[in-house]
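Derivation of every value follows stated rules applied to the coordinates shown; laboratory data play no part. No experiment lies behind these values; they were computed from the predicted model shown. Because the Cβ atoms are built from the backbone with ideal geometry, glycine has one as well, and the counts that use them run over all protein chains shown.
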Amino acid sequence: MTNALTFKILEDIAKDLSGDQISFPTFLDITFQVRTALKDENLNVEKLAKLVGAEPLMSAKIIRMANSVALNPSGREVADVKSAIVRVGMEAVRTVSFAVAMEQLLKSKQMQPFAGISERLWGAYGARRSALSCSGEKTGQDQW
């Protein structure tokens, strides 16, 4: 690999890390393991944190969410996945895991022919969750 190509790759990574949106390829199998584990009523935070911690993009999003003004009015930031999960809750982890999986599928070259329907499906899912959240209804287990 040439120095110019290496520099370009590092430059792109630095740009991604310095921006508001982090977007790296994710391990979909770990994302699905997290979603499966969340169906277990006996799941504890330690086990969930270990699973989530194996997926850097999901970990970063959950920690970012935990440190947001909405969930952290005191301004005391968390830096570890376990503390972030405790702050945001398991339902938020479920939503983030679905979002990460959908984001990666939408960016997949093999899924390009289905991009339009995938985006509409994702929009409908988000609208449903938002409406139920605003109305105070529990969303329960995702049926997807």
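Rounded to the nearest 0.05, what FRET efficiency is calculated for Glu103 and Thr36 with R0 set to 22 Å and r the Cβ-Cβ distance?
In this case the efficiency is close to 0.70.
Residue by residue through region 50-65, which ³J(HN,Hα) values in whole Hz follow from phi under the Karplus form 6.51 cos²θ - 1.76 cosθ + 1.60 (θ = phi - 60°), with glycine and proline marked x?
These are the phi-based 3J(HN,Hα) values: 5, 5, 5, x, 7, 10, x, 5, 5, 4, 4, 5, 5, 5, 4, 5 Hz.
Please compute the modelled spin-label separation between Asn44 and Asn3, points set 7 Å along Cα→Cβ, answer in nm with one decimal.
Going by the 7 Å Cα→Cβ label model, 5.3 nm.
Multiply the residue gap between Glu91 and Ala54 by 0.36 nm, knock off their C-alpha separation, and tell me the result in nm, one decimal place.
11.5 nm
Taking the mean number of other Cβ atoms within 10 Å as a proxy for protection, how do you rank 36-42, 52-58 from highest to lowest?
Order by mean packing, descending: 52-58, 36-42.
Give, in whole angstrom and from largest to smallest, the semi-axes √(5λ) of the equivalent ellipsoid of region 52-103, with λ running over the eigenvalues of the Cα gyration tensor.
Result for region 52-103: semi-axes of 18, 11, 9 Å.
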